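Taking it in order: structure first as structure tokens, then the write-up.
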Number of protein chains: 2
Amino acid sequence: MIDVPTLVEQARAGRPRAVARLISLVENAAPQLREAMAALAPYTGQAYTVGLTGSPGVGKSTSTSALVSAYRRLGKRVGVLAVDPSSPFSGGALLGDRVRMQDHATDPDVFIRSMATRGHLGGLSWAAPQALRVLDAAGCEVILVETVGVGQSEVEVAAQADTTVVLMAPGMGDGIQAAKAGILEIGDVFVVNKADRDGADATARELSHMLGLGEARQPGDWRPPIVKTVAARGEGVDEVVEALEKHRAWLEEGGELAARRRRRAAQEIEAIALAQLRARIGDLHGDRHLDSLADQVAGGRLDPYGAADRLVAGLTDR
Amino acid sequence: MIDVPTLVEQARAGRPRAVARLISLVENAAPQLREAMAALAPYTGQAYTVGLTGSPGVGKSTSTSALVSAYRRLGKRVGVLAVDPSSPFSGGALLGDRVRMQDHATDPDVFIRSMATRGHLGGLSWAAPQALRVLDAAGCEVILVETVGVGQSEVEVAAQADTTVVLMAPGMGDGIQAAKAGILEIGDVFVVNKADRDGADATARELSHMLGLGEARQPGDWRPPIVKTVAARGEGVDEVVEALEKHRAWLEEGGELAARRRRRAAQEIEAIALAQLRARIGDLHGDRHLDSLADQVAGGRLDPYGAADRLVAGLTDR
């Protein structure tokens, strides 16, 4: 028996176990999810969300951990959602569930959670915003969404944040890969990590060139900064935070923050609506109405469009 | 200006140009498609459809062409729908649009058409049944659906026929590939083509073993036959036709034919209904109702499920 109002109350008080259980509701698409989302709604819309994406090996986890430390030094409560499409759903572990996050395992103002896609197409883009809402309501002022993979859906999740950070590392041919994956377009801030390695400057120059940073821009346009870091030693991380805060200020001044959030909410509503309609249609298997329509179409007494019209008309009366 | 009633009348009279234009409506998802499908419906449900699938190189086109010849010798009007997911939509060419079909290019009782998936996920499973309906209404007594690719959607299209033929060739490790692709389950008739090559008997034995043909079956169950052919020389093709006719008789006797067609129609209706609903949701982009819902969700005044409910409720009133 899940007592949603109590869970929400405890999550708002910063109780990790309650936060974990609410995110589990999201991951399991539990029947109580609707009630939970309705109860959480009034406490959402406060958190600043940052998506981090990049190829394997660029140091995403290390960078995320370093950013957590930097934001903690600023006194912010921080949430981390690590999205891993390859691993089976990790379940349960809220604190210290990833080795590199061990630094923050005992910090009551850091919430860390791994999520997997569970093989659902579009499942991630549906579940991630809801998990963010839980962390938001739990009082996280900054939420870092780290995508472990490099697939299209991970890029989409990273792009759903208020600010998207694209990470690269020297000598990985990342620029070309990034261009291919379409992640140059989604980057608000670029980070060349492992900048103590050979080729860091070349990578930054290549990136600058590909982004057309030398070209003239309209006044008021955002010019994505390129920050060099050695995340494992914490070098350059404060500069990343500075770049993030600048981007956030830019988003707020121009009204772009509200516009992005409205766009994301619209996408989320659409995805849920479509899933609901698909489920209703799925429920009709073996239904007498669909059987009868199918009979008529198979026998040439009705065309499939006419049948689909009648099916749709019947859907919302249920 | 497309005059649908005239097109349908001409297609029923066996005019290739009219058949071609109707199938183009299907491929382009033209606005007149609904009207065309409604006008065609009364003349459908007569054709016997045969799906042909198998790995590249097993001789699908050659086998299809040989089957066309065999059915023509029986005096049947034959339609061929060649489904090619890799090629861009070929457009227009109705007769002789494929080299190996040149034999039938001047036969007024053979209709041949290539179709491509146009990159739409599920587009093929939607378009193929409608194209079949055009050929059906044009008086084709047998329609061969040849899938050129080996992807999941091609297998699904082949499986949508009344009878599904799975083609193999010796020495291609086809058995294992077929098992992986899940096409053993969908085969009603198996053909080992290029049977003049080494290993044809071994392939047939392996197949027989994988299909469990040696095991006892329930009386009335269909036991998929394995036919060896050399399609390029027409050898064994009459035996394939014989196997097809046996399967057709089995389908009709047991009521399975009607059941399969009803199931296919139900799937088609569902796919169209879902596409209609998705389009309606897509139309809402920039719509004031969705904008307002998104605003409320982004601001925490409404949860996404509640918003989706209102969106769905508004959908069918339009």
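The values are calculated or read from the model by the stated rules, or taken from the named source; none is laboratory data. All values derive from a computational prediction rather than experimental measurement. Every residue, glycine among them, receives a Cβ derived from its backbone with ideal geometry; neighbour counts consider all protein chains shown. The accessibility values were calculated without ligands, DNA or RNA, using every heavy atom of the protein model including side chains. Shrake-Rupley method; radii C 1.70, N 1.55, O 1.52, S 1.80 Å.
For A:LEU213, the conditions (1) hydrophobic (A, V, I, L, M, F, W, C); (2) surrounded by fewer than 20 Cβ atoms within 10 Å (Cβ to Cβ); (3) out of contact with any Lys or Arg (no Cβ under 7 Å at 6 or more places or on another chain); (4) free of Cβ contacts under 8 Å to residues at least 40 places away in the same chain are fulfilled apart from (3). Evaluate the following for B:LEU40: is it within 14 Å of chain A (Cβ to nearest Cβ), without any contact (Cβ under 8 Å) to a residue 24 or more places away in the chain, open to solvent by less than 30 Å² (accessible area, probe 1.4 Å) and hydrophobic (A, V, I, L, M, F, W, C)? Spelling it out, it is not the case that B:LEU40 is within 14 Å of chain A (Cβ to nearest Cβ), without any contact (Cβ under 8 Å) to a residue 24 or more places away in the chain, open to solvent by less than 30 Å² (accessible area, probe 1.4 Å) and hydrophobic (A, V, I, L, M, F, W, C). Here B:VAL19, B:VAL26, B:VAL8 are screened, and the one residue that is in a helix (DSSP H, G or I), more than 30 Å from B:GLY171 (Cβ to Cβ) and at pLDDT 95 or above is B:VAL8. Apart from one condition, B:VAL157 fits all of (1) open to solvent by 30 Å² or more (accessible area, probe 1.4 Å); (2) modelled with pLDDT of 65 or more; (3) in a helix (DSSP H, G or I); the exception is (1).
With respect to (1) surrounded by fewer than 20 Cβ atoms within 10 Å (Cβ to Cβ); (2) under 18 Å from the mean Cα position of the chain (by Cα); (3) not β-branched (Val, Ile, Thr), the lone exception for A:GLY255 is condition (2).
Checked against (1) without any contact (Cβ under 8 Å) to a residue 24 or more places away in the chain; (2) closer than 30 Å to A:ASP162 by Cβ; (3) part of a helix (DSSP H, G or I), B:GLN276 meets all criteria but (2). From (1) within 30 Å of A:VAL142 (Cβ to Cβ); (2) touching a Pro at 6+ places or on another chain (Cβ under 6 Å); (3) at the interface with chain B (Cβ under 7 Å from one of its Cβ atoms), pick out the condition that doesn't hold for A:ALA243. For A:ALA243, the failing item is (3).
In the stretch B:256-267, the residues that are at the interface with another protein chain (Cβ under 7 Å from one of its Cβ atoms) reach residues that are modelled with pLDDT of 90 or more and open to solvent by 60 Å² or more (accessible area, probe 1.4 Å) with C-beta atoms within less than 8 angstrom, at least six apart or across chains, in these pairs: B:ARG262/A:ASP295; B:ALA265/A:ASP295. In the stretch B:183-206, the residues that are at positive phi reach residues that are of a type outside the set (Val, Ile, Thr) and surrounded by 15 or more Cβ atoms within 10 Å (Cβ to Cβ) with C-beta atoms within less than 7 angstrom, at least six apart or across chains, in these pairs: B:LYS194/B:GLY59; B:LYS194/B:ALA169; B:LYS194/B:PRO170; B:GLY199/B:PRO170. The requirement of being farther than 25 Å from B:PHE190 by Cβ and at pLDDT 90 or above is fulfilled nowhere in the stretch B:89-105; no residue meets it.
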